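Report on the structure given below.
Bear in mind these aren't lab numbers, they're just calculated from the coordinates by the rules spelled out. Please read these numbers as outputs of a predicted model, since none were measured by experiment. Note that each Cβ is placed from the backbone with ideal geometry, even for glycine, and that neighbours are counted across all protein chains shown.
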Amino acid sequence: MRDFLRQKMIDGLSATPQKLTRRSAQLPNIPRKAFAVIGVRRSGKMSYLWQCLADRLAAGAPRESLLMLGLEDDRLAGIQASDLSWMTEEYFSLYPGFRDQHSVTFFLDEIQTVPGWELFARRLMDTEKINLLLSGSSAKLLSREVATSMRGRALEVSIYPFSLREALRHAGSEPTKAWERLPKAARSQLDNQLRRYLVDGGFPEAQGIATRDRVALLRGYVDVVVLRDVIERHAISNPLALRWMQRQLLGNPAGMFSVQKYHDTLKSQGVAVGKDSLHAYLAHFEDAFLIRTIALHTASERQRMVNPRKAYPIDPGLIQLYERTGRANVGHALETVVLIELQRRGYDVAYVLTHEGWEVDFLAIAPAQPALLIQVYAEIRDASTWEREVRALISASSDHPDATPILITLDTMPPTVALPASVRWIPAVQWLLDNPDSH
């Protein structure tokens, strides 16, 4: 295996970076930190590592100082941290002049497949002049394992499937002007592309392919994530209950759920599973980035625990895999896209229930940014619906006076009903495009 590892290292020091769609994620400008690039499988983490390598190459770094190494390879089965230490010594035997004299960067993809990788990474940062960019499909790459083993030495960079802007960039149709400066024809085209994005989603390989092929591709992604990152990784002993929960979560986007309700339903169907197991399954789905959940905004931890959570797929393209009614589900897809975009921009997100009993989709809070109260609605077809959505925002504003209330709709025409001065209406396509990605 070490012979193969050495050959893989040599290849990773000479391969030419491919020309790929540029991602909007940025590395924090903080020295002496490792960067953990995390996200769902097939979202483009490896491509982002190549983008970072190409940027350093363009900045003048010697190609031999940039090592790209993918570790999820069946020929590396059984690899240990000691093998990575051996590889490091092999590298410096090839380039002894770089040791302690020149900045070197190791790009290590799917690092979590190596037992004990955390101690290896920490030792490398403590004893060598090596920058580390690590990637993996498990949220634990940053949360539990890095937090305990690297002791604040690593920072997170999340890679999601393409945002709307990135999908447009990939297709060669990214707008170069702000929404307000675009002609009507360009706006109509972007509105059409957003509606397509709500169906197709943002997984890079799913862009521009036929519906039948895209559905098969995305279904394969989900199967691999559930098998590799949930069932195998966590040694799930009740895959029947797990698969049922998977279908319920992905088949009801933006829906409320509670573990107690799931437990009761499974029990009524003769499926024996404990509530603790269901809690663990949900955590595993989030750990693998397949599902994102948000809780009720409340200062009471008990209230947050007993109230239902809302679950969303990581990408709107996954919604159609579980839709059995034939509905377009545009509203839930748009709500999903807005949530993922808020998280992409670094917001902590919760949903709101007001003192009057109204629900608002999102309360989004981020450091050094104004808080946002966001209500998402696909199409406002009548005045009563419009008034209901606005009333919910106004009610929530009285509970959260420092938050800016925003109504985001798929409609791009201004509302015919006057809005209160405190409420801002923004077409979804404008909101998604005019706010730059920030991480």
With a ≥ b ≥ c the root eigenvalues of the C-alpha gyration tensor of the range 1-138, is it rounded (a/c under 1.5), prolate (a/b larger than b/c) or oblate? rounded
How do the peptides 191-199, 285-293 rank, highest first, by the average count of neighbouring beta carbon atoms within 10 Å per residue? 285-293, 191-199
As straight-line cross-link partners of Lys267, the qualifying aspartates and glutamates (C-alpha separation under 16 Å, not fewer than 8 residues apart within one chain) are Asp276
What pairs in Lys45/Lys310; Lys8/Lys129; Lys19/Lys184; Lys19/Lys310; Lys45/Lys275 have C-alpha atoms more than 30 Å from each other? Lys19/Lys184; Lys19/Lys310; Lys45/Lys275
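For the chain, what proportion of DSSP beta bridges, expressed in % and rounded to the nearest 5, is antiparallel?
Details: 15 of 45 bridges.
Here the share of antiparallel DSSP bridges comes out near 35 percent.
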Jot down the radius of gyration and Dmax of the range 250-390, Cα atoms only, both in angstrom. 16.2, 51
What do you get for Rg/Rh of the range 319-390 when both radii come from the Cα atoms and Rh is the Kirkwood radius? 1.02
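Could you rank the peptides 267-279, 242-254, 24-36 by their average count of other C-beta atoms within 10 Å per residue, with the highest value first?
On the way: 267-279: 12.5, 242-254: 19.2, 24-36: 14.2.
The packing order, highest mean first, is 242-254, 24-36, 267-279.
Quote the charge dipole size of the chain about the Cα centre in Debye, to the nearest 20; the model charges only the Cβ of Lys and Arg (+1) and of Asp and Glu (-1).
Roughly 260 debye for the chain.
In nm², what is the average projected area of the convex hull enclosing the Cα atoms of the chain? Intermediate results must be reported in sequence, preceding the final value.
Values: hull surface 93.8 nm².
Projected over every direction and averaged, the Cα hull of the chain covers 23.5 nm².
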Please get the size of the charge dipole for the range 1-79, origin at its Cα centre, with Cβ charges of +1 on Lys and Arg and -1 on Asp and Glu, quoted in debye to the nearest 20. 280
Debye calc, one equal point scatterer per Cα of the range 326-439, no solvent, log10 I(q)/I(0) at q = 0.13 1/Å comes to -0.47
Based solely on its DSSP helices, what 222 nm [θ] is calculated for the chain when runs of n ≥ 4 H residues each add -39,500 (n - 2.57) and the sum is averaged over all residues, nearest 500 deg cm²/dmol? -12000 deg cm²/dmol
